[in-house]
Amino acid sequence: MYAEKRVLACNGDKTAGGQTLRCCVLRLAGVYGPGEQRHIPRIMSYLEQGLVKVTYGAKDSLVDFLHVDNLVQAHMLAAEALTEEKNFVAAGQAYFINDNKPVNNFEFFRPMIVGLGYSYPKVNLPLMPVFYFAWLTELIYTIFSPVYNFQPILTCTEVYKTGVTHYFSIEKATRDLGYLPTVQNDLTGVVAYYRKLGRVKGHQSSMLLFYFVNAIIVFMIYCVFMLVLPKVTSLKSLL
């Protein structure tokens, strides 16, 4: 939000050449598409390491995503809407951009999981135990990262991001920019991309042993941590 405020605060400023700077903000949902390098590769690595065994959160929880084609369209329309020909309609404005089709986070990835030969998880966990696991992992990381560095599989923010309903309307972007998504929750291109690379079930990552060792170390640290905590054996000990 700080970056957005900085950008919007610059709207209307004069440039060194004496022109007026026009700015707007696009608030993107999770971007996906063939070759995307932020979200999908992480999901792929977890699949290849055999870590995608459960889902969590309410099955009717909804989030939104953004296909790269829609992302490109939104940027082009926003650029046009900052021009005099469009009466600078987007200047100083912020717009939510997504596929306009809220979906359960795990159901969104089902076509990718199945399309690459993996089995979709049958076990669904309540949200809070997963959140507490992530919280404990973050706590252990904070305490022991100076002497042993490991990458938490999940963070509290990620648990809420993927397991709690949150999605946004594109009505303003449609009205001002003319934005209308042409692709909605379609992972066909992503599946084809990874199949072409040969990354289907059977392509195992060498990181599996790394995560297994890390899990053991985290468990040992957790046991030590629990041993040093003060023990409460009865209600009287609290009085």
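The values are calculated or read from the model by the stated rules, or taken from the named source; none is laboratory data. In this text, all values refer to a predicted model and were calculated from it rather than measured experimentally. Glycine also receives a Cβ, built like all others from the backbone with ideal geometry; neighbour counts cover every protein chain displayed.
Take the conditions (1) surrounded by 15 or more Cβ atoms within 10 Å (Cβ to Cβ); (2) at pLDDT 95 or above; (3) in a helix (DSSP H, G or I); residue 82 misses just one of them, which is (3). You will find that of 51, 47, the residue that is surrounded by 19 or more Cβ atoms within 10 Å (Cβ to Cβ), closer than 16 Å to residue 106 by Cα and either of a type outside the set (D, E, K, R) or at pLDDT 95 or above (or both) is 47 and no other. Among the candidates 100, 70, the residue that is outside any helix (DSSP H, G or I), surrounded by 14 or more Cβ atoms within 10 Å (Cβ to Cβ), modelled with pLDDT of 90 or more and in contact with a Pro (Cβ under 6 Å, 6 or more places away or on another chain) is uniquely 100.
To keep it simple, each residue is scored yes or no on (1) within 21 Å of residue 158 (Cβ to Cβ); (2) assigned to a loop (DSSP other than H, G, I, E, B).
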| residue | (1), (2) |
| --- | --- |
| 6 | no, no |
| 11 | no, yes |
| 18 | no, yes |
| 22 | no, yes |
| 37 | yes, yes |
| 50 | yes, yes |
| 55 | yes, no |
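When the residues of the range 133-155 are filtered to those that are among the hydroxyl-bearing types (Ser, Thr, Tyr) and under 19 Å from the mean Cα position of the chain (by Cα), the one that is surrounded by the fewest Cβ atoms within 10 Å (Cβ to Cβ) is 155. Return yes or no: is residue 178 on the phi > 0 side of the Ramachandran plot and either acidic (Asp, Glu) or surrounded by fewer than 12 Cβ atoms within 10 Å (Cβ to Cβ) (or both)? So residue 178 fails the test. Do we find that residue 131 is farther than 30 Å from residue 5 by Cα, touching a residue at least 60 places away in the same chain (Cβ under 8 Å) and in a helix (DSSP H, G or I) in this structure? Criteria not met by residue 131. Among the residues of the range 1-34, those identified as farther than 15 Å from residue 91 by Cα and surrounded by 12 or more Cβ atoms within 10 Å (Cβ to Cβ) are 28, 29, 30, 31, 32, 33, 34. For the range 157-167, which positions are part of a helix (DSSP H, G or I) and either surrounded by fewer than 17 Cβ atoms within 10 Å (Cβ to Cβ) or among the acidic types (Asp, Glu) (or both)? Listed by number, the residues that qualify are 157, 158, 160, 161.
Looking at 170, 221, just one residue is modelled with pLDDT under 90, surrounded by 14 or more Cβ atoms within 10 Å (Cβ to Cβ) and among the β-branched types (Val, Ile, Thr), and that residue is 221.
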